[in-house]
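The values are calculated or read from the model by the stated rules, or taken from the named source; none is laboratory data. On a predicted model such as this, the values are computed, not experimentally measured, just so you know. Positions of Cβ are backbone-derived with ideal geometry, glycine not excepted, and every protein chain shown enters the neighbour counts. Note: areas computed on protein heavy atoms with side chains; ligands, DNA, RNA excluded. Shrake-Rupley method; radii C 1.70, N 1.55, O 1.52, S 1.80 Å.
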Amino acid sequence: MSAVNIGWLPEELLLQIFSDVAAIYSADSLFWSPYKWISVTHVCRLWRRFALGCPTLWTDITILRVECVAAMLARSRSALLSISIAEGFEHTKERRSRVLKLIRANKHRIRELDLQELPRLKTFSDSEWGLQLERVHLFAYDFTWQDRFFHPGLKYLSISADEFRETSSAIADLHEMLEALRRMPNLETFIMDRPANFNTFPGFVQDAPVTLSKMQEITMVGTGERTAYILGKLSIPATTRINLRVGLGSPEEVGMLSNRLAFRLSGETSMLASEVQVFRTVQITIHSTTDFTVRGYRRYQPRELIHIGNNTDVDLSLSVTWFSDGEPRGHGRQSRSTQSICTFLPISGARHIYIVGAGGDAVWTVCDLLYSCGRSFWPSITTLVLQSLDFLALPWVTQELIAALTLRRSHDMTVEKLVLSQCKGISNEDVTAISAVVGSIEVEYAPEVSSTVSLGDLSSDTAPQEPTQTVADSIPQVKDAPVPQERVSISFLPKETLLQIFEDFMMVHLQDCSKSPYGWISVTHICRAWRWYAVHYAPLWTQIVAVSPDCLKEVLKRSRPMPISFTLDNHLKRELRPACLKLILSASQMRRIQHLKLHSLDRLKLLSEADWGFRLERLVFDSYDFSWRDRFFHRNIRHLNITGPLHRELSTTSTSLQEMFDALRRMPLLEELLLESPLTSKNFPGRDIGPVVDLLKLRTFKLSGSGERCAYIMDQLSFPPTVTILLICDISTNDEMKQLGEAVTWKLSGEMTKDKTDADARVLQALAIWVEPPPKQNTIQFRGWREYQPPEVVLRPRLGDPDLFIALDWVGDISPSSGFIWQATAFNITRSLPVSHLRDVYLVHASSFSISEVVPFLLYNIFGGAENESFPRLDTLMLYNVDFANQPMGAYDIVTALSLRMKRKMPVRRVVVTKCPGMRQADIQGLSTVVETVEWDREG
């Protein structure tokens, strides 16, 4: 059968492809840009033209930039829109106003509205909405119940997060909520997530029940008492799907919730749970002794479907957490709180029971539900499935299970069919004993390798291994995964190669800010064997970025027991931060944190005042509002990197500077110190702020700010002469440059001299100079090496890893009235540094004005007086990527400068010209007349 040309695909199929890809990226917005799907329309011009001509493809609009919004609105034409807008859209007030203006102009087309983490916006809350607006989702949006999007045409309403002022349980607010619901008689789905944190309710609100006759699904989260109260005020059809996540603290609260549920499920005919026999299938997932989930189905559900997860057929979903310090009344073990609560639920009529996930003490619940205190919760059971129960911790509980089943048989309540699926701790003897007291039994053992690909449902099947640092060291700890008999060639890759592929792919995603930090996981989905190796190789999961509590919990489990790197930034939603911090600050996890990165955050008290242990060695603060008194700064810190906008604790007041140096004294083992963008203020304390700070193990020192500030800080630190020094400074006067030059000389000489001409200061052997890197002007950069470096080293991508890097911007007066001459200033800057003794100098990436003016001045300064040369001992001059094309006279000016040096009997012996655009043969001949040797590669 011949293949079909891609250009012949029917338009209906193309549209379905585009829609499916767009839906995938929209559903996984945690890891992908909402508009990344557009790349599929770039396959060919035909696809692009078809996509642009289909308005429905462009109706799902996430507000990012005003240009993007305008384009989407234009391409969607007159189709109805879905608008999503979150905190941080656009970055200026003017651009935000333009976005809101566009939305107002197209408000008549908006069918779905999604507002996330925003203050109240009049554009949405106070505007008149037509019947076309059917769906509203509010996440951490500061609404009021009088807002106008609560109108009769609304069919879907979702309110989530717990920062609302209008979700308290005051009389007025509850009354307004009920009145708002009364204005929405066509509501089909109502979601109220985290409505309140307390149980105080008015006892005299006389509002009549709100009739919502078209309601299909209702979801509420909160305390049991509040949830029961709201259910009691709503009149909804008996077939409405009810999803509740509640916290219960007393038997009275359990009874109140039970009555309301029974009343709704029975069609408002009975408030007794025992009289409501509407469910045929029930699944109970037991997470712990006090945390479980009940799901009820009005129709029979085979276990092949019910175990898939969330499906639309569930009629009742109830997640319960028992949070009281006491125990349910009438029971001696807290493990029986599940059984106590279940007796109040309208699920006793079910005949197909699925119990999932119990382990430890929670297994007692299964026995109690089957038979306890002379009765059974389910008088008749057709099918009982026990899945993923763990009897290993309490082996004798299997005997309790056999006893419960035996008692049911003796009372003519025999379980017709029992399925034991993936249960641990069940022996063959136990199976034989159970088979004697049930109608039939099936046993399914757990598969050796799971093929699931989600983050949260794969865990290690082996005990934690000892920490390993390299791939090679950890290979023996990774067991061979069972594989099918038929294997494709990709499965023959060695384990070492596979794990290295995973690590390299992971680092690419972590280093690229445009990629999701966990997008690399897709490479582990190639096959089951690859998935197994990845999940069981702890070093892969040590680079942790907080994106959600569930994801963080799973990655922490997979990374055990390795030291971890933890990153927290402002992309994590504010309401998720407490849960993530609670996980990471637990005693077992804090001991593992070796590298902590905080990006664009206000000061977090929980982190800053935590008691950090010896494991924490590396700190990276990017725009984090820290204090030098924070407990991060302890003795074992070896790497400290502070970057980003100006920090209040990097100011130049006496107190702040003293606290900074006191903090550095507490970190004597520092090997890398990076203080970027501290402040450009030049006010320094006149009094002594303490002795010099000794950092004897320092290897890299980076500092940015004004030249005066950098010189001052360097003078207060004592570190070895072999330290790599990186400085980014603003210079405004020649005196400031001289002060900085003396500080650099002092450090390079091993704190022997501040005189750049002294023999102890002659430590550099090669120098590269960047003049006026585009687009800046009046800028010069120096890179120096303590040993001679050939061109292939100096000019490699990482710029040769210099021992000294200095980037200087002249920010002083440059007006003509000041007599400013950049050529002379660049010459003076160079003469202030300990580089005049050098014999090998590179001039790199110069262009335009720099070639004819600055570069010749560095070779010979006509205004210099007694000192006319920056490099009187210069032997070899190398020109690399110097652009002569836009400055034809540049080569002539360099020849003139070299000629003047020759007349003063300080000639340059050798000139090397490499990759210089615009260099001509005539220019090379001119150079040959003033130097002994000219080397030219004829490139550029």
On a full-extension model of 0.36 nm per residue, what is the gain between TYR892 and THR239, subtracting their alpha-carbon distance, rounded to one decimal in nm? 226.0 nm
What is the spin-label model distance, in nm, from ALA79 to MET507 if the labels are put 7 Å beyond Cα along the C-beta direction? 4.3 nm
Förster radius 41 Å - calculated FRET efficiency between GLU416 and SER158 (Cβ-Cβ, nearest 0.05): 0.45
Within the range 211-313, DSSP-loop trypsin sites (Lys or Arg not before Pro) with at most 11 other C-beta atoms within 10 Å are ARG299
Between ARG65 and SER213, what length comes free when the chain is fully extended (0.36 nm per residue of separation minus the Cα-Cα distance, one decimal in nm)? 49.2 nm
Which ³J(HN,Hα) values in Hz, rounded to whole numbers, follow from the phi angles of the range 74-81 under the Karplus curve 6.51 cos²θ - 1.76 cosθ + 1.60, where θ = phi - 60° and Gly and Pro get x? 5, 6, 7, 6, 9, 5, 5, 10
Compute the FRET efficiency between GLU751 and ARG631 as 1/(1 + (r/R0)^6), taking r as their Cβ-Cβ distance and R0 = 35 Å, and round to the nearest 0.05. 0.65
For LYS756, which lysines qualify as cross-link partners when the Cα separation must be under 17 Å and same-chain residues fewer than eight apart are set aside? LYS738, LYS747
So how do GLU935, GLU708 rank on accessible area, 1.4 Å probe, biggest first, that is with the largest at the start? GLU935, GLU708
By accessible area with a 1.4 Å probe, ligands and nucleic acids excluded, highest first: order of LEU576, LEU498: LEU576, LEU498
Given R₀ = 22 Å, what would the calculated FRET efficiency be for ARG666 paired with ARG615, taking r from the Cβ atoms and rounding to 0.05? 0.85
Please tell me which of these pairs span more than 26 angstrom C-alpha to C-alpha: LYS582/LYS702; LYS495/LYS597; LYS36/LYS122; LYS754/LYS905; LYS93/LYS605; LYS597/LYS697? LYS582/LYS702; LYS495/LYS597; LYS36/LYS122; LYS754/LYS905; LYS93/LYS605
Using modelled backbone amide H atoms (1.01 Å from N, in-plane), which distant-in-sequence or interchain residues come within less than 5 Å of ILE728's amide H? LEU703, SER704, GLY705, ALA807
Can you list the HN-Hα couplings for the range 100-110, worked out from phi with the Karplus curve (6.51, -1.76, 1.60; θ = phi - 60°), rounded to whole Hz and with x for Gly and Pro? 5, 5, 4, 5, 4, 5, 10, 4, 5, 9, 7
Within the range 375-438, report the chymotrypsin sites (Phe, Trp or Tyr not before Pro) that DSSP leaves as loop and that have at most 11 other Cβ atoms within 10 Å. TRP396
Could you list which residues have their amide H under 5 Å from that of VAL912, counting only those 5 or more apart in sequence or on another chain, with H placed in the peptide plane? LEU877, MET878, LEU879, GLU935
What does the extension gain come out to for ARG48 and LYS605, with contour length at 0.36 nm per residue minus their alpha carbon separation? 195.4 nm
Modelled label-to-label distance, SER588 and GLU275, 7 Å Cα→beta-carbon offset: nm? 4.8 nm
With each pseudo-label sitting 7 Å past Cα toward Cβ, what's the GLU11-GLN921 distance in nm, one decimal? 6.3 nm
